[in-house]
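The values are calculated or read from the model by the stated rules, or taken from the named source; none is laboratory data. As the structure is a prediction and not an experimental result, all values here were calculated from the model. Here the Cβ is made from the backbone with ideal geometry for all residues, glycine too, and neighbour counts use every protein chain on show. Surface areas here come from the heavy atoms of the whole protein model, side chains and all, with no ligands, DNA or RNA. Shrake-Rupley method; radii C 1.70, N 1.55, O 1.52, S 1.80 Å.
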Amino acid sequence: MTGLAWLVPVLPLAAYVLLLIGGRRLAEGAVTSIAVLAVAASFVISLAIMIQVALHGPQPAVTFPWLVLGSATISFGFEVTSLNAMMLVMVSFVSALVLLFSRGYMRGDARFARFYQYLSLFVFAMLGLVITSNLLEFYIFWELVGVCSYLLVGFWYFKPEAAAAAKKAFIVTRIGDVGLFVGMILLYLGFHTMNFDTIFYGQAVSSPYTMAHGAPALLFAAHALTGPGIHALPYGLAPAAFVTLTALLVFVGAVGKSAQFPLHVWLPDAMEGPTPVSALIHAATMVAAGVYLVARMFPLFQASPAASDVVAIVGGFTAILAALIGLTQHDIKRVIAYSTVSQLGYMMLALGVGAYVSGIFHLMTHAFFKALLFLTAGSVIHAVETQDLFEMGGLRKLMPLTNAAFLAGALALSGIPPFAGFWSKDEILSAAFSSGNYVLYAVGLIAAFCTAFYIFRVYFLTFGGEYKGDRHPHEGGLAMTIPLTALAVMATVAGFFNTPWAPWIANFLQDRGAVGYDPAVNWGLMVVSAVVGLAGIGLAYYAYGAPGRAQRMAQKSGFLYTLSFNKFYFDELYDRIVTRPIRAIAEALGFVDRWIIDGLVRLVSGGVYTGGAGLRYGNTGQIQTYGLVTLFGVAVLLIIAAGIGGVL
Amino acid sequence: MALQPFLALGAILFAIGAYGALTKRNLIIVLISLEMMLNAANINLVAFSHFGKTPHVAGQVFALFIIALGAAEVAVGLGILLAFFRMRNSADVKDASAMKW
Amino acid sequence: MFFGMPLTGQTVSFFLLALLIIASGVMLMTLTKVMHMAVALAGVFLGVAGIFILLGADFVGMAQILVYAGAITILMVFALMLTQKGDDTESPEASTGRSLLTLLGVVVFTGIMLLVLRGTTWPYSQSAVDPYTQPTVVLIAQSLYHTYTIPFELLSLILTAALVGSVVIARKED
């Protein structure tokens, strides 16, 4: 089955090509069928691959040489490891449901087929990114993901905010991409190869795995520092410095893509896109790519404790920062967006403290419940046609299914047992605690409290109380309710895939040695997590259960509320320290270009033109005048010639 | 006899012709002046043919060629002049200034 | 001795012819009546023909008389008459300033030419009074039909083209 792995990304690509050619002529139902069936088939194949990997272990990469540069060969190919087998399943599952959901959400849009076309390309890019065996190929898909997010966030480009958000998303992630690119080149200079396996394990890609059982991932460290695979390090770097530097550069790329501090500003703005796009970006494709990158390069980070610490600290800081901002936002999608930033911070934190399995596990559970939250939000927005929390309310009775689905997602996000988020978040917190990072543990705990508070704030404002609008909200069609149901089920039960008693995912991922998983049950920490989540919910109920109480709380907290409401002024800060100086420089350069360089050119051309226009009037058309001038010219020449000849 | 008197005569005749070509306003007189300049050149050719270091008849042949060419030139020139006169009802050089600017 | 030259028949006739040519040329420039100008023109062409004959180029001299003194002079007279508008006088002269300027240019030019002519040593053979071994007609015929055959043929082509062209140009447009 792994031989067919290439089909997984190719099927959505085929759907994209098909829609590109015939999308305009097809009915909406046909368009949906093509895209959904393609991705669903990818899901089935992925599932089969994962089962095979679970039974027989990872398969060797299939590569073919693509670019031969002198002695170096850059090969393209795909491979199936336990990590990407799991990612394939998750991405294709969530994507298929989102694609199905879009049928109802985008009904009647003038560019319906175009939308599905972009979505298919997006899914293709993400699946390709996951399955690739080569850093360069990875980077290509990585950029393709960025382009697709640009296209989709700006899908309603006629809205100025959407166009600006699309540009912001693209440019901010590009900043991170530069770091990744430099890191990639450094790795190539160090190892003379782009293949993940050769870089990490010093092993030819084409040979079958010999490291499958019990080979420590830390091998990379020894390999990088002393091993035969490493070549002369560029710029005379010491091995340790080289590893740290490349790891940090790679992490910069992940920071951009996964919206970590300080490049987190694009993700909430990306809410201007259609809601299914938000679901896809937040759950399965775009932001997951950053976490996946760190996970894929995990041996590199393991080899550098300093880089790992940076990852953990950035992750923890992002988690608390985004959670604090999420407390006060008015836009339902923005709250969920900040929760995504926060949860991604958790994943980075996990990877940073070495809890590889927990990070991946949280990525998976998060994909389920975050897709669920976005799709329910989409369902709500579809029904009430506003995104302002304070114009909703009372939807519990009007939309019972959506209510139940959102509640499942919110409980999972808050980390209430037995929902999915509890298990994964608790594992991360436990890992932070047991690795001795007590500060990070505390930060994570506070962020968890805030998370529970803000998501239930959304819940009470949206579904509790009485409906404040003048429309008649109702459930969407089957295309909307089926994905909601499926995701709600997953958000509820996905946590049991990796409990301390039955660590299936941990076992599954351990084909290359026990990577960062401590299966010990820590009852104390579990109880603390659950209590903190419940406390957040309780506070939210206290604040929003009765009218007016929340305002009083906001007034009491004073400037803290303003700070949070204005997102800690990051956009303004970036505007001051980055955008405006650069714009000023650009304008100065533009002035130089327009008036000095262009001015010189225009001066020359204007001089020539004026001279020509003036000399034109010397052209009288009187042939005898010409002849007279010629005569004098000949006379002068004769005088000169005679003078030179010595006659005169 | 020597070469220089003939060359001097040619130069003077050429100068008279040039003066006429540049000052006269009647197109026919201009044409006549041009013919005089051609004749001055012919005098030089024939003089060199006679007094050259190795006298040769080629100079005379060239003079004949120039005479023939001069005849052709007069034919075409007078044709243009007649057409111009018919169009503008004038034979003035100053009126033939359409190709300015 | 006359201007440093021996006073022979050749010299005398040269100066007479030169006088005729220059005088006729100057008259041509100053006269205004058409018939007077025609006479002056004929004088120039005939004088030049005389110079040719003096130089031993009798065939060229005869061609000069036939073509210039005969055909072209008559043609010019006809053209002058055709383009005259009733009155017998020349069309208005150029301005005095222009005339003086042109005169200055011409005088400078000629002066330099004459100076150069005087200052240059011309290598020429003075040994033979008649430098040609055969009658010039025979020499010219041999030269034209042997050495210069192709230019000769081309010249006939040019003459034909000029004939046709002048007819086409001068023809009345319908």
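Tabulated results
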{"quantity": "The range A:468-498: number of residues that are part of a loop (DSSP other than H, G, I, E, B), surrounded by fewer than 18 Cβ atoms within 10 Å (Cβ to Cβ) and not charged (D, E, K, R)", "calculated": "4"}
{"quantity": "Scope the range A:610-626; condition surrounded by 14 or more Cβ atoms within 10 Å (Cβ to Cβ) and within 60 Å of the chain's Cα centre (by Cα); matching residues", "calculated": "none"}
{"quantity": "Evaluation of A:G70 against (1) modelled with pLDDT of 80 or more; (2) of a type outside the set (V, I, T); (3) at positive phi (one fails), failing number", "calculated": "(1)"}
{"quantity": "Which listed residue, of A:S71, A:S133, is of a type in the set (S, T, Y) and under 27 Å from A:H362 (Cα atoms)", "calculated": "A:S133"}
{"quantity": "Selection count where residues are open to solvent by 20 Å² or more (accessible area, probe 1.4 Å), modelled with pLDDT under 90, under 17 Å from C:F52 (Cβ atoms) and within 7 Å of chain C (Cβ to nearest Cβ), scope the range B:3-49", "calculated": "1"}
{"quantity": "Count of residues meeting criterion [of a type in the set (V, I, T) and not in a helix (DSSP H, G or I)] in the range A:262-276", "calculated": "1"}
{"quantity": "Selected residue (criterion: farthest from the other protein chains (Cβ to nearest Cβ)) from residues of the range C:99-125 that are open to solvent by 40 Å² or more (accessible area, probe 1.4 Å) and at pLDDT below 85", "calculated": "C:T121"}
{"quantity": "Helices (runs of 4 or more DSSP H) (entirely within the range A:1-105) containing at least 1 residues that are more than 26 Å from the chain's Cα centre (by Cα)", "calculated": "A:7-22, A:28-56"}
{"quantity": "Among (1) open to solvent by 10 Å² or more (accessible area, probe 1.4 Å); (2) over 13 Å from A:L280 (Cα atoms); (3) assigned to a helix (DSSP H, G or I), the one test that A:A110 misses", "calculated": "(3)"}
{"quantity": "Residues (farther than 24 Å from C:F78 by Cα and at the interface with another protein chain (Cβ under 8 Å from one of its Cβ atoms)) located in the range B:60-72", "calculated": "B:Q60, B:V61, B:A63, B:L64, B:F65"}
{"quantity": "The range B:43-101 - residue that is among the aromatic types (F, W, Y) and assigned to a helix (DSSP H, G or I) and, of those, farthest from the chain's Cα centre (by Cα)", "calculated": "B:F51"}
{"quantity": "B:V93 vs. criteria at the interface with chain C (Cβ under 7 Å from one of its Cβ atoms), open to solvent by less than 10 Å² (accessible area, probe 1.4 Å) and of a type outside the set (D, E, K, R)", "calculated": "no"}
{"quantity": "Identity of the residue in the range C:44-64, more than 7 Å from chain B (Cβ to nearest Cβ), free of Cβ contacts under 8 Å to residues at least 24 places away in the same chain and open to solvent by less than 10 Å² (accessible area, probe 1.4 Å), that ends up farthest from the chain's Cα centre (by Cα)", "calculated": "C:G61"}
{"quantity": "Among (1) under 30 Å from A:Y454 (Cα atoms); (2) open to solvent by less than 80 Å² (accessible area, probe 1.4 Å), the one test that A:R576 misses", "calculated": "(2)"}
{"quantity": "Matching residues in the range C:12-40 - criterion: being part of a helix (DSSP H, G or I) and more than 26 Å from B:P5 (Cα to Cα)", "calculated": "C:V34, C:M35, C:H36, C:M37, C:A38"}
